[in-house]
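Data block below; observations after.
The values are calculated or read from the model by the stated rules, or taken from the named source; none is laboratory data. Just so it is clear, the structure is predicted and the values come from calculations on it, not from any experiment. Cβ: placed from backbone, ideal geometry, glycine included. Neighbour counts: every protein chain shown. Just the protein is used for accessible areas: all its heavy atoms, side chains included, with ligands, DNA and RNA removed. Shrake-Rupley method; radii C 1.70, N 1.55, O 1.52, S 1.80 Å.
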Amino acid sequence: MPSSPSPADRRSHQTPARAPEREVRGMRQPKPLPVAVRRWAEQRIGPVMDIRDASHDWERSRVWELEGGRGGRWYVKISPSVKLFTRETRAYRHIVPALGYTRAPHLIDSRAQDLALLLTAVPGAPAKELGLDVAGWRTVHHQAGALCARLHEAGELDRGDRLEAEASLAAAADGAEKYLARAGDRLDQDERQLIRDHAARLRRVGPVPVGYIHGDNQPIH
């Protein structure tokens, strides 16, 4: 379930130039909402009074919270690639409704030329902001598991999704060397061989049941 969680915009148009994606004294530089995307969003939801950069703390995350004149809240997300935009748009239109109306954002519209999605806000706050104890986290994980189970049972995969899912084990095996290279000397030779052995086993698994999953299931979502 794509995610949510700056200066207020106060109706002044923002410059289309992107803010540098860098750290400044430990603080992430706010990213401005592109003017064309703001205008597109306002055609769907009406005038936007406030804009907050709600991106996650990695350079390709581009998410903004919008507030309307009557207190309505929405999110705009710009996907980092055409592949992810296509996958996420399809999921919001055909799979996410299985979670229930108040349990996930709903897609109002998408804009392919900017890889932008306009989403409703949902009630609540990210679990990491709630100061939960062990019992509270256990409840969160239980609820998250129940929602993921709904995704698994959301329906049959279409042909394109099925082909991608069936290729995922081989893709994971192919990615092992890339991640070993990233790990560098953090792993010793025995650990590297263990990973290569598991990657080789993935290639021998054969056909497995496939279904929809949450591709980024973590407390920030």
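Structure values in brief
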| read-out | value |
| --- | --- |
| Those trypsin sites (Lys or Arg not before Pro) in the stretch 171-221 that DSSP places in a loop and that have at most 15 other beta carbons within 10 Å | Arg203, Arg204 |
| Overall form of the stretch 134-221 per C-alpha gyration tensor (a/c, 1.5; a/b vs b/c) | oblate |
| The stretch 106-177: radius of gyration over Cα atoms, expressed as a fraction of 2.2 N^0.38 Å | 1.58 |
| Amide hydrogen neighbours beyond the local backbone of Met49, cut-off 5 Å, H modeled | Glu67, Gly68, Gly69 |
| Prolate/oblate/rounded call for the stretch 49-156, Cα gyration tensor, a/c under 1.5 rounded | oblate |
| Selection from Trp74, Ala146, Gly124 lying farthest towards where the dipole of the stretch 72-146 points positive, charges on Cβ | Ala146 |
| Which of Asp161, Asp133, Asp57, Asp197 is most accessible, then next, and so on - probe 1.4 Å | Asp57, Asp133, Asp197, Asp161 |
| Helix-derived mean residue ellipticity, 222 nm - over the chain, DSSP H n ≥ 4, -39500 (n - 2.57), to 500 | -11000 deg cm²/dmol |
| Relative counts (whole %) of C-alpha pair distances in the stretch 48-88, using bins that are 10 Å wide | 30, 42, 25, 3 |
| Surface per residue (accessible, 1.4 Å probe) for the chain, Å² | 64 Å² |
| Cubic angstrom per residue, convex hull over Cα atoms of the chain | 177 Å³ |
| Net charge over other residues, Cβ less than 9 angstrom from the Cβ of Arg73 (K, R count +1; D, E count -1) | -2 |
| Percent accessible area from carbon and sulfur atoms, the chain, protein chains only, probe 1.4 Å | 53 percent |
| For Ser110, solvent-accessible area (1.4 Å; no DNA, RNA or ligand), Å² | 20 Å² |
| Low-density loop positions, chymotrypsin sites (Phe, Trp or Tyr not before Pro), the stretch 20-129 - DSSP coil, at most 11 other Cβ in 10 Å | Trp58, Tyr101 |
